[in-house]
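None of the figures in this text is laboratory data; all of them are computed from the coordinates on show. Predicted model, so just to flag it, every value in this text is computed and none were measured. Because the Cβ atoms are built from the backbone with ideal geometry, glycine has one as well, and the counts that use them run over all protein chains shown.
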Amino acid sequence: MATNRHLVTDSEGAQMKKILLLAALTAFAAPMAFAAEGGAAATSPSAACKSELQKMGATDFKSLYAPNGPAGSAMGKCVSSHQKSAAANRVSAQKSCAAERDMAADTFKAAHDGKSFNEVYGKNANDRNAFGKCVSA
C-alpha cells in the first residue's frame, strides 16, 4: 500500500523545532512575566503581544501565531491566546484539578513524565489523597 506522506527536510524540521521551542518558552514565560509585573491586570493581552512582537520580530511572531494565515491575523490570535490564558488562570483550583484528574490517562502521562494523576499528586501510601493534595498545591 503506497502512502502519500510529505517528508520533512532537515531545514523544515529545524525550523519547526525552533517554532515549537519558541511556543513552549512563550507559554511558560508569559505567566511568569505577568506575575513579575503585578499580575495580569498590570499588563493587558494586547500590550503583552506588542512586547512579544518587538522581542521576536515580525517573521517569528507570524510563524508562531498565524503560520498558515495572513500576517495581520497574528496579533489577533496572540491577543486571543493571552486572553484564554488569563481566563484559565482564574479557574478555581478545584476545577483545574478535576479537569486534570478527568483527562485521558495517556494524555496526562505524556505531560507528566509517564506518571498518573495519583502518582503525581498523591502523598500517602496508596496515593488516594491525590485530589486534595492537587487542590491545596
- Jot down the per residue volume, in cubic angstrom and as a whole number, of the convex hull over the alpha-carbon atoms of the stretch 93-136. 63
- Query: What's the FRET efficiency of ALA98 with LYS77 using the Cβ-Cβ distance as r and R₀ = 25 Å, to the nearest 0.05?
  - Reply: 0.30
- Message: If I model a spin label at SER46 and ASN124 as a point 7 Å from the Cα along the Cα→Cβ vector, what separation in nanometres do I get?
- Response: 5.1
- Query: Which entries of LYS55/LYS95; LYS84/LYS133; LYS62/LYS84; LYS62/LYS109; LYS50/LYS95 show an alpha-carbon separation above 28 angstrom in the structure shown?
  - Reply: LYS55/LYS95; LYS62/LYS109; LYS50/LYS95
- Query: Tell me, what HN-Hα J-couplings in whole Hz come from the Karplus equation 6.51 cos²θ - 1.76 cosθ + 1.60 at θ = phi - 60° for each residue of the stretch 74-84, using x for Gly and Pro?
  - Reply: 4, 5, x, 5, 5, 4, 4, 4, 5, 5, 5
- Taking the Cβ of each residue in LEU53, LEU64 as the centre, tally the other Cβ atoms inside 10 Å and list the residues starting with the fewest. LEU53, LEU64
- Backbone N under 14 Å from the LYS18 label point (7 Å along Cα→Cβ), restricted to the stretch 58-77: 58-64
- Message: Just to be sure I understand: if I project the alpha-carbon convex hull of the stretch 63-137 onto a plane and average over all orientations, what area do I get in nm²?
- Response: 6.5
